[in-house]
1. Just wondering, is there one or more residues in the range 154-169 that are aromatic (Phe, Trp, Tyr), over 14 Å from the mean Cα position of the chain (by Cα) and closer than 20 Å to residue 241 by Cα?
2. Go through (1) assigned to a helix (DSSP H, G or I); (2) at pLDDT below 95 and name the single condition residue 471 misses.
3. Could you check, for the range 91-100, whether at least one of its residues is among the polar types (S, T, N, Q) and at pLDDT below 90?
4. Just the residues that are hydrophobic (A, V, I, L, M, F, W, C) and either in a helix (DSSP H, G or I) or farther than 21 Å from residue 139 by Cα (or both), please, taken from the range 216-251.
5. Given the options 212, 240, name the one that is surrounded by fewer than 24 Cβ atoms within 10 Å (Cβ to Cβ) and either among the β-branched types (Val, Ile, Thr) or under 13 Å from the mean Cα position of the chain (by Cα) (or both).
6. Please determine, by comparing only the residues of the range 95-115 that are hydrophobic (A, V, I, L, M, F, W, C) and not in a helix (DSSP H, G or I), which one is nearest to residue 132 (Cα to Cα).
7. Does residue 418 fit the bill of being modelled with pLDDT under 95 and not assigned by TED's automatic domain parsing to the domain that holds residue 200?
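The values are calculated or read from the model by the stated rules, or taken from the named source; none is laboratory data. These numbers come from a predicted model, not from an experiment. FYI the Cβ positions are ideal-geometry reconstructions off the backbone, even for glycines, and counts take in every protein chain you see.
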Amino acid sequence: MKVKIINFQTEAEVVVIHPEKDDPSSFRSNLATLRSDFKQRLVRVIKAPLVAENELGLGDKLAKTMGVVDGNDIVLTGRKKPQALPVIMKKYDHKKWTSDDMRIIVDDINNGNLSDLEMAAFTLTMQYESLDTDETEHLTKAFTIHGETIEFNEPVYDKHSIGGIPGNKVSLLIVPIIAAAGLLIPKTSSRAITSPSGTADTFEVLANVKFSAEEIQEIAPKTRGMLVWGGQLNLAPVDSEIITRVERPLSLDPESVIIASILSKKLSTGVKHMVLDMPTGAETKMPSRKQAQDLSMLFVEIGRRVGIQIECAITYADQIVGHSAGPALEAREALNTLMGNGPRSVLEKSVELSGILFEMAGIAQRGQGAVMAMEIVQSGKALTKFREIIGAQGGDPNVTPESIEVGKYQSVFKAPKDGYIAYISNNQLKSIAAALGCPADKKSGVILHRKIGEFVKEGDVIMELFASREGALDHAIQIATTKSPFRQEGMVLERIGSGSIDLGRKLIADE
């Protein structure tokens with residue numbers, strides 16, 4: 001058939017055939033295989049009088065994916081039962097997936113042979129029927145089969161975080177600290193899924209983060225460090241398909257996929273040594289220390305099996321890192337910290353994680369890596385390197401914190417009474433930031449002026465909101481006033497006396 005580009009916007013991969021063409025019901029579940037010279041995809045077929053009988057209608061996005069333009073030849077065939085489907089169902093009978101099984105599933109996803117429902121069956125299995133160590137290793141290796149790879153002729157270092165905490169902008173400090181010591185750290189980063197800003201979102205405020213593999217291979221050895229968006233590179237594309245089509249819509253995050261997702265991308269960029277930030281605290285992916293320890297040990301073991309030396313750092317995450325959440329505000333705070341004016345928590349976390357990498361590299365003795373990292377920051381070498389990286393990636397190397405624009409619509413929240421900040425909800429902060437427009441609107445975000453343990457007086461400013469749209473600010477204010485992310489307490493947390501004891505006895509007697 002001949003391609004006809006139709007002007008409609010949809011995330012679904014849909015093609016349009018003429019009403020007189022073969023009935024779509026002849027296709028299994030109205031699904032068919034679409035093939036061009038460049039790509040194969042599973043698509044849904046609908047009838048509409050928008051095309052001629054010899055034409056096939058495609059939206060702009062699908063046409064770009066298939067690498068076709070108006071008038072190109074394209075083939076639409078009835079869909080056969082995918083080879084992966086019975087393999088996926090093995091796990092529902094509590095059977096183990098072998099290396100070959102995982103390869104079959106991943107190949108079918110890469111070739112566009114699985115529907116969203118079938119991919120959901122695969123992902124839900126991993127969510128609720130946890131993979132063992134062998135299966136997680138198989139998944140990690142299978143993810144690396146497809147997609148781009150980047151090779152360097154020297155050791156490559158990396159820092160990564162499993163996420164889950166707002167304001168975690170420390171990669172913007174760690175990369176220049178490590179690079180200033182001469183180690184190679186071409187960090188590929190993700191965009192935020194649930195947090196106010198990912199590393200790529202934040203650094204994009206300062207410079208370009210979209211580079212090809214060839215450009216990274218050219219720039220990184222010169223600057224020794226880069227901060228780039230991994231999504232531009234087609235690293236482990238099957239993982240990206242699972243995230244986009246299943247995990248994000250259903251808010252799933254299987255442990256085995258977390259491991260395979262991170263490590264497959266590191267393998268694809270030649271990483272051999274990595275420090276893994278494991279934020280642990282209330283309302284994070286790792287609420288308890290025990291969960292963080294168990295996942296850390298699994299990361300270390302899978303890393304050993306696939307050839308990456310990993311050291312995990314279980315980090316404090318009961319509240320925001322620093323004071324800012326949102327791309328522009330976090331970029332400001334990172335730059336201020338490198339200039340010696342930022343929050344202590346951002347600096348300490350950055351130098352501690354950098355120090356672990358220095359010790360792994362053998363250029364600092366155990367326990368002395370953080371000292372070396374702090375010296376690099378205090379000497380100004382990290383700031384100089386940061387500006388060099390910004391310039392190499394197309395940004396203004398002379399940028400100042402004050403020149404970074406934030407949303408013009410602003411609002412402050414004040415303490416309703418005297419007392420100590422006893423608790424800050426990470427989830428509520430994320431909801432407020434999302435309402436403001438984070439991470440898509442880079443100028444939006446939140447500044448916390450007070451944190452857990454600090455005493456505030458009635459009327460003190462404790463939180464400031466920024467947005468580019470007045471409506472977004474109003475929405476965020478509504479969320480924040482309906483349920484405050486702060487809980488205040490005085491020095492007395494609870495009263496228990498004879499009255500309380502008598503009441504307790506009465507309740508027990510009544511039962």
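1. So far as the range 154-169 goes, no, none of its residues is aromatic (Phe, Trp, Tyr), over 14 Å from the mean Cα position of the chain (by Cα) and closer than 20 Å to residue 241 by Cα.
2. (2)
3. Within the range 91-100, not a single residue is among the polar types (S, T, N, Q) and at pLDDT below 90.
4. 216, 219, 220, 226, 227, 228, 229, 238, 242, 243, 246, 250
5. The conditions single out 240.
6. My answer is 97.
7. yes
Table: residues versus (1) aromatic (Phe, Trp, Tyr); (2) in contact with a Ser or Thr (Cβ under 6 Å, 6 or more places away or on another chain); (3) without any contact (Cβ under 8 Å) to a residue 60 or more places away in the chain.
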| site | (1), (2), (3) |
| --- | --- |
| 428 | no, no, yes |
| 432 | no, no, yes |
| 449 | no, no, no |
| 465 | no, yes, yes |
| 475 | no, no, yes |
